[in-house]
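Everything below concerns the one structure shown next.
What follows draws every value from the coordinates through simple rules; no lab data is involved. What you see is a predicted model, and the numbers here were worked out from it, not measured in a lab. Cβ coordinates were reconstructed from backbone atoms using ideal geometry, including for glycine residues, and neighbour counts include every protein chain displayed.
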Amino acid sequence: MENRVNISQTEPLAFKAMYALENYLASGQLSKSLKELIKIRTSQINSCAYCIDMHTKDALKNGETNQRIFLLSAWRETDLFTEEERAVLAMTEEITLISQGGLSETTYQNSLTFFNENQIVQIIMAIVTINGWNRIAISTGMQIGS
């Protein structure tokens, strides 16, 4: 796919709005590791090569292991992820796949076991934000390394 419109050049205020969400998330309580797991898993579901490439590299720089990244799409089948991470990954999948029912009450209630309401809001906003970035990257044909 070829690059299409460059949103940051054509409508810089649109990109500024997206970066405002990133700045909000950067000042939150979620660990970098947890945010990268959200970004990678969401990008896998959405088949966003640009974001998978970016966020796996970021996760590795942040100390994530290759094995956990390799097995992220099969997180239910391994014990490599903590219960807290599993709760977030379940939220990530259900919110990303919102047309299949969205965030279930069971998953939401389970998340309350590990996170307070502020953290749950931050998790939801992290998922919403990377879904937005995925849609921008795919719709504009952003290429790996660009």
Quiz prompt | Within a Gaussian network of the chain (alpha carbon springs, distance under 10 Å), most fluctuating of THR92, THR129, THR106 | solution = THR106
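Which of ARG135, ARG68 comes first, and how do the rest follow, when ranked by fewest Cβ neighbours within 10 Å? Mind showing how you got there, number by number?
Numbers: ARG135 12, ARG68 17.
Listing ARG135, ARG68 from fewest to most nearby Cβ atoms yields ARG135, ARG68.
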Exercise. Round to the nearest 10 and give me the degree value, 0 to 90, for the angle of helix 12-26's Cα axis relative to the longest principal axis of the chain.
Key: 20 degrees
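Just want the ordering: LEU34, LEU71, from fewest to most Cβ atoms lying within 10 Å of their own Cβ.
Least crowded to most crowded, the residues run LEU71, LEU34.
What is the fewest-to-most order of GLU93, GLU105 by other Cβ atoms lying within 10 Å of their Cβ?
Fewest-to-most Cβ neighbours within 10 Å comes out as GLU105, GLU93.
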Quiz prompt | Spatially near lysine pairs across the chain, Cα under 17 Å, sequence gap of 8 or more or different chains | solution = 6
Quiz item: Who wins for biggest fluctuation among ASN66, ASN46, ASN131 in a Gaussian network model of the chain, springs between alpha carbons below 10 Å?
Solution: ASN66
Practice problem: Find the eigenvalues of the gyration tensor of the Cα atoms of the chain, then list the square roots of 5 times those eigenvalues as equivalent ellipsoid semi-axes, largest first, in whole angstrom. | Solution: 25, 18, 15
Practice problem: Would you mind working out the magnitude of the charge dipole of the range 32-139 relative to its Cα centre, with +1 at each Lys and Arg C-beta and -1 at each Asp and Glu C-beta, to the nearest 20 Debye? | Solution: 380 debye
Exercise. In whole angstrom, note down how far apart the Cα centers of the range 83-111 and the range 61-80 are.
Key: 18 Å
Quiz item: Once every DSSP H run of n ≥ 4 in the chain is given -39500 (n - 2.57) and the sum is divided by its residues, what mean residue ellipticity at 222 nm do you get, rounded to the nearest 500 deg cm²/dmol?
Solution: -21000 deg cm²/dmol
Exercise. Given the options ALA74, ALA59, ALA26, state which has the largest fluctuation in a GNM of the chain using a 10 Å cut-off (strictly under) for Cα springs.
Key: ALA74
